[in-house]
Protein chains: 2
Amino acid sequence: MTSRLFSFVGGDSGPWRITSVRAVAGEPIAQTPRLWVVPDLVAGTAPPSGWVLRGITSNERYVVRSEKDHLLARQQGLGRSEATCAALIPIRKSPAWWALTQDERRAIFEEQSHHTRIGLNYLPAVARRLHHCRDLSASEPFDFLTWFEFAPEHEASFNHMLAELRATPEWAYVEREVDIRLVRDGR
Amino acid sequence: MTSRLFSFVGGDSGPWRITSVRAVAGEPIAQTPRLWVVPDLVAGTAPPSGWVLRGITSNERYVVRSEKDHLLARQQGLGRSEATCAALIPIRKSPAWWALTQDERRAIFEEQSHHTRIGLNYLPAVARRLHHCRDLSASEPFDFLTWFEFAPEHEASFNHMLAELRATPEWAYVEREVDIRLVRDGR
């Protein structure tokens, strides 16, 4: 069985070099030189001067069948040789978001904010894996970790996608967001 | 902050006496004499001859606003003095369920199976707390743990509710279910 649990380990080693760490909303996190993406890491193994963010892949919570079929037809997997740029974007949403019901969250997510429709415009250039943290324990620092991979020539396009998403009504519920950029140089 | 994480510890001690353990579908679990319900228990503390099942309360995944308002208006909390009977029902759904999209799961859950509507008929007699396990780790034995409390005179009614739910299309996706009954005798 492939792992559903992934740990993002920021420290002094790893194949990804961290080029910037920016707090978009709320508390920042420390910039470390490098990052590993590790399946199935147990808790409590953060490097001395670094951090570990954990998340688990899960079923989708908002997309309907027609949207999923579009996504499946267009999306690419992680690990493409040309996709040497990455972004790790941890997000926490507010208590007000989590107090909404499913139909209210769906309405904000898609009918008002077009989250999936915006993302579809950037496929297949941007590959993506969403990890959930909120239900890993009662004290996770973020609700979601999204990992993106793309080729250098698509970086401007990727930035445009983030600007579109951050301008939506859904983002009014984002109380903490960090934008971590990386390049793979294999060291 | 109140805890979202709860551990159900089956062993030789605890305020709840286990009166029966029945495997409804799939693998059974061991019948132990007694049970504790413990907030925030760390992993790895199962009694020598017992078990620990862990789950976390979370946002609702299917109810819409009108249904939630009905639930809030009618439901009672846990810990009522007259509610000396309890049931712990761990459930695992099949991979086919988790491969469905949100709209497909909602349609089976409510439009076809009337899960919330059936439950509403048994309020306020039956109090309930749902715990999610699926996203606690990649290897939990169950997807959900539901804890019910009711007075002895409502046991037949509670059994009728379970029979109604188990006859629905939703239950075709239940691949493991254990029905644990308990009484509180304070020892």
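Regarding segment B:148-158, can at least one residue be identified that is buried (at least 19 other Cβ atoms within 10 Å of the Cβ), touching a residue at least 12 places away in the same chain (Cβ under 8 Å) and within 14 Å of chain A (Cβ to nearest Cβ)?
Among the residues of segment B:148-158, not one is buried (at least 19 other Cβ atoms within 10 Å of the Cβ), touching a residue at least 12 places away in the same chain (Cβ under 8 Å) and within 14 Å of chain A (Cβ to nearest Cβ), which makes the answer no.
Given the condition part of a helix (DSSP H, G or I), surrounded by fewer than 17 Cβ atoms within 10 Å (Cβ to Cβ) and modelled with pLDDT of 95 or more, answer yes or no: does some residue in segment B:78-96 qualify?
Taking every residue of segment B:78-96 in turn, at least one turns out to be part of a helix (DSSP H, G or I), surrounded by fewer than 17 Cβ atoms within 10 Å (Cβ to Cβ) and modelled with pLDDT of 95 or more.
Would you please name the residue that is farthest from B:S139 (Cα to Cα), looking only at residues in segment A:18-52 that are assigned to a loop (DSSP other than H, G, I, E, B) and under 16 Å from the mean Cα position of the chain (by Cα)?
A:P28
Scan segment A:1-17 residue by residue and report those that are closer than 15 Å to A:P48 by Cβ and either in a loop (DSSP other than H, G, I, E, B) or within 9 Å of another protein chain (Cβ to nearest Cβ) (or both).
A:D12, A:S13, A:G14, listed by residue number.
Somewhere in segment B:26-35, is a residue of a type outside the set (F, W, Y), free of Cβ contacts under 8 Å to residues at least 60 places away in the same chain, out of contact with any Asp or Glu (no Cβ under 9 Å at 6 or more places or on another chain) and over 30 Å from A:W98 (Cα atoms)?
yes
Name the residues in segment A:113-136 that are in a helix (DSSP H, G or I) and within 20 Å of A:V24 (Cβ to Cβ), would you?
Scanning segment A:113-136 gives A:H115, A:I118, A:G119.
Does A:A138 meet the test of being of a type outside the set (F, W, Y), over 18 Å from the mean Cα position of the chain (by Cα) and either more than 9 Å from every other protein chain (Cβ to nearest Cβ) or surrounded by fewer than 19 Cβ atoms within 10 Å (Cβ to Cβ) (or both)?
Taking the combined requirement at face value, the residue satisfies it.
Within the set of pairs 6+ apart or on separate chains, which have a first residue in segment B:2-19 that is charged (D, E, K, R), a second that is assigned to a strand (DSSP E or B) and buried (at least 16 other Cβ atoms within 10 Å of the Cβ), and C-beta atoms under 7 Å apart?
Pairs that qualify, where the first residue is charged (D, E, K, R) and the partner is assigned to a strand (DSSP E or B) and buried (at least 16 other Cβ atoms within 10 Å of the Cβ), are B:R4/B:I56; B:D12/B:R34; B:R17/B:R34; B:R17/B:L182.
Just need a number here: residues in segment A:99-133 that are within 13 Å of chain B (Cβ to nearest Cβ), under 29 Å from A:E155 (Cα atoms) and basic (K, R).
1
Output the number of the condition that B:A172 fails; it satisfies all remaining conditions of (1) modelled with pLDDT of 95 or more; (2) out of contact with any helix residue (DSSP H, G or I) (no Cβ under 9 Å at 6 or more places or on another chain); (3) closer than 23 Å to B:R92 by Cα.
With (1) modelled with pLDDT of 95 or more; (2) out of contact with any helix residue (DSSP H, G or I) (no Cβ under 9 Å at 6 or more places or on another chain); (3) closer than 23 Å to B:R92 by Cα applied to B:A172, the lone miss is (2).
Considering only residues that are more than 27 Å from B:N121 (Cβ to Cβ) and in contact with a Leu (Cβ under 7 Å, 6 or more places away or on another chain), look in segment B:53-98 and name the one that is nearest to the other protein chains (Cβ to nearest Cβ).
Once the filter is applied, the top-ranked residue is B:I56.
Name every residue in segment B:1-28 that is surrounded by fewer than 18 Cβ atoms within 10 Å (Cβ to Cβ) and of a type in the set (A, V, I, L, M, F, W, C), in order of residue number.
B:M1, B:V21, B:A23, B:V24, B:A25
Out of A:H132, A:H114, report the one residue that is surrounded by 18 or more Cβ atoms within 10 Å (Cβ to Cβ) and either modelled with pLDDT of 95 or more or aromatic (F, W, Y) (or both).
A:H132 is the lone residue from the list that is surrounded by 18 or more Cβ atoms within 10 Å (Cβ to Cβ) and either modelled with pLDDT of 95 or more or aromatic (F, W, Y) (or both).
The values are calculated or read from the model by the stated rules, or taken from the named source; none is laboratory data. Please read these numbers as outputs of a predicted model, since none were measured by experiment. When we count neighbours, we look across all protein chains shown, and the Cβ atoms used for this are built from the backbone with ideal geometry, even at glycine.
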